[in-house]
Amino acid sequence: MTPRGAWSDFWASASSDACLPNAPPPVRTALATAWADFATMLPSAGRVLDIASGNGAVLRALREARRDLVLEGIDYADVGPAARGLGIRGGIDADALPFAEASFDAVTSQFGIEYCPAGAVAEASRVLRVGGYLLLIIHHAASPAIAHNRARHAAMAALDEAGLFALAQRVAAGQPEDPRTAEAIALSRRRHAAQSISDELPMAIGQVLQRGGGIAGVATIEARVRAELARLAAMIAAARNDDGIAVIADGLGAAGCVVHAAPLRTAAGEIVAWQVSGTRDR
């Protein structure tokens, strides 16, 4: 499957907050407040472009804050009817936007532009009018969300490397368990016991086998796990540390924007993400 196809499948079944599913209320509040505050800055009936929209979390937040805004979004993946209903166009490369220069009063992205090719930063500036506003919320390498997903990825990868799926396929085919592989899996589960997936994944496979799901059932779970491993790896790679966010800020500056990058935090001071905000001045 191509990367575009993988992301298309993901967004077809994901919620609007899929990049941070099950985010705690303080994180949701911090994100909602950031977008509500941003909306107050925009001109009447301002035209807004959201880059890498996914299922439209940003557009939903802006629509809730300001019904007069003209909201549009693009995403690399193909999008479903609900996203299209929000004004999101799928199959669009962020580094080759199909819009004229200075087309928008504001450009936004939440957990999206950092996944895109480097040229997306210059494109974001190009389509923003002089005096227009920019707000990008970007994964922070030091955030609890990234730490959690890094640990989840490690636990899933360890089970895979220990032979979980190979053993499951062996059992599904009617062959006896391999004791060495079973012990390697048990060791992996102990090492990653803090991650619930260490119990959930073997349990899910066991249930499939008990129901007679056989090789096909195991293969379905394996495909889902490999897709999640790829998404988590992409998230971890996309997250920015201080140097990484400086590259984005410098790129925006070179493209004509004046921006400020700072951590977005919860009311208690916990890091949620990077917040890159500013305007185009030339």
Environment charge at Gly256 (Cβ cut-off 13 Å; Lys +1, Arg +1, Asp -1, Glu -1): 0
Between the helical axis of 25-40 and the dominant principal axis of the chain, each derived from Cα atoms, what acute angle in degrees is found, rounded to the nearest 10? 20 degrees
Between helix 144-162 and the chain, what is the angle of the helix's C-alpha long axis to the longest principal axis, kept within 0 to 90° and rounded to the nearest 10? 30 degrees
Give me the tail of P(r) for the range 41-133 as a percent: Cα-Cα pairs with distance above 21 Å. 23 percent
For the range 145-236, what mean projected area does the convex hull of the alpha carbons give, in nm²? 5.5 nm²
Where a ≥ b ≥ c are root eigenvalues of the Cα gyration tensor, a/c under 1.5 meaning rounded, otherwise prolate if a/b exceeds b/c and oblate otherwise, the range 73-205 counts as prolate
Report, in degrees rounded to the nearest 10, the 0 to 90 angle that the Cα long axis of helix 179-191 makes with the longest principal axis of the chain. 40 degrees
How are the C-alpha pair distances of the chain spread across 10 Å bins, as whole percents from the shortest bin up? 6, 26, 30, 19, 12, 6, 1
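Quick note: the coordinates plus some simple rules give every number you see, no bench work behind them. No experiment lies behind these values; they were computed from the predicted model shown. Backbone-built Cβ (ideal geometry, glycine too); neighbour counts: all protein chains shown.
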